[in-house]
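Take a look at the structure set out below.
What follows is calculated from the coordinates using simple rules that are stated; it is not laboratory data. Values in this document were obtained by computation on a predicted structure and should not be read as measured data. Here the Cβ positions follow ideal geometry from the backbone for every residue, glycine too, while neighbour counts run over all protein chains shown.
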Amino acid sequence: MKLTILDDWYYNLKKPSWQPPDWLFGPAWTLIFIGEVTAAVLGWEAIRNPVILALFIISLLVNGILNILWSLFFFKQRRPDIALIESGFLWASVAFPMFILALYAGSCWIFLLPYLLWVSFANMLNRKIVCLNAPFGGV
């Protein structure tokens, strides 16, 4: 199931002038996922406390679910407003494993920093799209 659908609805949204070109999103997410996998492997190897390790793994799984939900809300449901609310939880789901890594795996957290910066930027972009195009979900 494809969640990111770039159709007429998406192209007709008003977007800020500072939105990156569509072609940049694929390479950006590729680098982000490489960083996330690297952080996961290094965290898996470095975290010795089984409870903390389980918490770390669960936090990554929650992040994956929230990442999928954001695309579902924004693109499939065409609800950037709901995606904006969800994006705060998505941001926290990136920051939390970074915090665990900082405490238990040294500098491994740095591999998630591009992800956190991208989600921060995407949150600002999402907010601007909502402001330029609201309301959503009307009858």
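Here are the numbers for this structure:
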read-out: Cα-based reach from Lys2 at 21 Å (exclusive), listing lysines while leaving out same-chain residues under 8 positions away; value: Lys76
read-out: Net charge dipole size for the chain [Lys, Arg +1 and Asp, Glu -1 on Cβ; Debye, nearest 20]; value: 260 debye
read-out: Along the chain, longest interval not containing exposed trypsin sites (Lys or Arg not before Pro), exposed being DSSP loop plus at most 15 other Cβ atoms within 10 Å; value: 49-139
read-out: Per residue Cα convex hull volume in Å³ - calculated over the stretch 14-83; value: 108 Å³
read-out: Convex hull volume of the chain per residue (C-alpha atoms, cubic angstrom); value: 112 Å³
read-out: Charge context of Asn126, other residues only, Cβ under 14 angstrom, K/R +1, D/E -1; value: +4
read-out: Measure of compaction for the stretch 80-133 (Cα Rg per 2.2 N^0.38 Å); value: 1.31
read-out: Relative contact order %, the chain, counting alpha carbon pairs below 8 Å whose residues are six or more apart; value: 34 percent
read-out: Candidates Leu60, Leu24, Leu72, ranked by Gaussian network fluctuation over the chain, Cα under 10 Å, top entry; value: Leu24
read-out: All lysines inside 16 Å of Lys14 as judged from Cα atoms, apart from same-chain residues fewer than 8 positions distant; value: Lys128
